[in-house]
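Encoded as structure tokens, the structure appears first; notes follow it.
The values are calculated or read from the model by the stated rules, or taken from the named source; none is laboratory data. Keep in mind that this is a model prediction, so the values were computed, not measured. Ideal geometry is used to build each Cβ from the backbone, glycine not excepted, and the neighbour counts take in all protein chains shown.
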Amino acid sequence: MNPRALMLEKAARPLYWIMLAAALWVLLRGHNAPGGGFIGGLIALAATAAYAIVFGAAAARRRLPLGPLPLAALGVALALVSGLPALWWERPYLSHLWFSLPLGFTDLKLSTVLLFDAGVFGAVWGALAGYVLALLRSVEAAAAEGPP
């Protein structure tokens, strides 16, 4: 192993967790502004892709909270479910609602927007991770066969 690969290996592990923390921060920061789930999902995907490039597609797949397809499906399901509370209050589907949960020392503000963005986050991360990991598996397989 050359020194450059060793440095990349040492940097990839903490960088993965830093990128996931940034993805979650973007998801939560954007829950009252458009786009937090999508860009957060892309940042999580970048963390997965970087880890896969260094340690292989199988190792990166093990790092996902679910497999790519279940993660994407759960994300779509969360996004769809986020519109249902509006129907309960006789409002149009996907009309978003805000709630306040009193904690004594402060109020925690929650909304169906956050649930929708969490769904988009999971859908983007899962769907694109499936594509990236499949692509990297094919590259790994071709490299294992050797030059033509």
- Message: Here are the criteria: (1) at pLDDT below 85; (2) closer than 27 Å to F38 by Cα. Tell me which single one G119 does not satisfy.
- Response: (1)
- Task: Could you check, for segment 62-77, whether at least one of its residues is closer than 18 Å to Y16 by Cβ, among the charged types (D, E, K, R) and surrounded by fewer than 20 Cβ atoms within 10 Å (Cβ to Cβ)?
- Result: yes
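Do we find that V26 is farther than 30 Å from S111 by Cα and surrounded by 17 or more Cβ atoms within 10 Å (Cβ to Cβ) in this structure? So that I can check it myself, show each step before the final result.
Values: farther than 30 Å from S111 by Cα: no; surrounded by 17 or more Cβ atoms within 10 Å (Cβ to Cβ): yes.
So V26 fails the test.
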- Item | Considering residues of segment 89-148 that are surrounded by 14 or more Cβ atoms within 10 Å (Cβ to Cβ) and either free of Cβ contacts under 8 Å to residues at least 24 places away in the same chain or touching a Lys or Arg at 6+ places or on another chain (Cβ under 7 Å) (or both) only, the residue farthest from A50 (Cα to Cα) | L97
- Query: Looking only at segment 50-60, which residues are surrounded by fewer than 19 Cβ atoms within 10 Å (Cβ to Cβ) and either of a type in the set (K, R) or assigned to a helix (DSSP H, G or I) (or both)?
  - Reply: A50, I53, V54, F55, A58, A59
- Item | Any hit, segment 81-99, residues being in a helix (DSSP H, G or I), out of contact with any strand residue (DSSP E or B) (no Cβ under 9 Å at 6 or more places or on another chain) and under 24 Å from I39 (Cβ atoms) | yes
- Task: Read through the list (1) at positive phi; (2) in contact (Cβ under 8 Å) with a residue 12 or more places away in the chain, then give the number of the only condition that L64 fails.
- Result: (1)
- Task: Return the total of residues in segment 79-116 being within 15 Å of L28 (Cβ to Cβ), among the aliphatic types (A, V, I, L, M) and touching a helix residue (DSSP H, G or I) at 6+ places or on another chain (Cβ under 7 Å).
- Result: 3
- Message: Name the residue that is farthest from the chain's Cα centre (by Cα), counting only residues in segment 101-148 that are more than 27 Å from L42 (Cβ to Cβ) and part of a helix (DSSP H, G or I).
- Response: E145
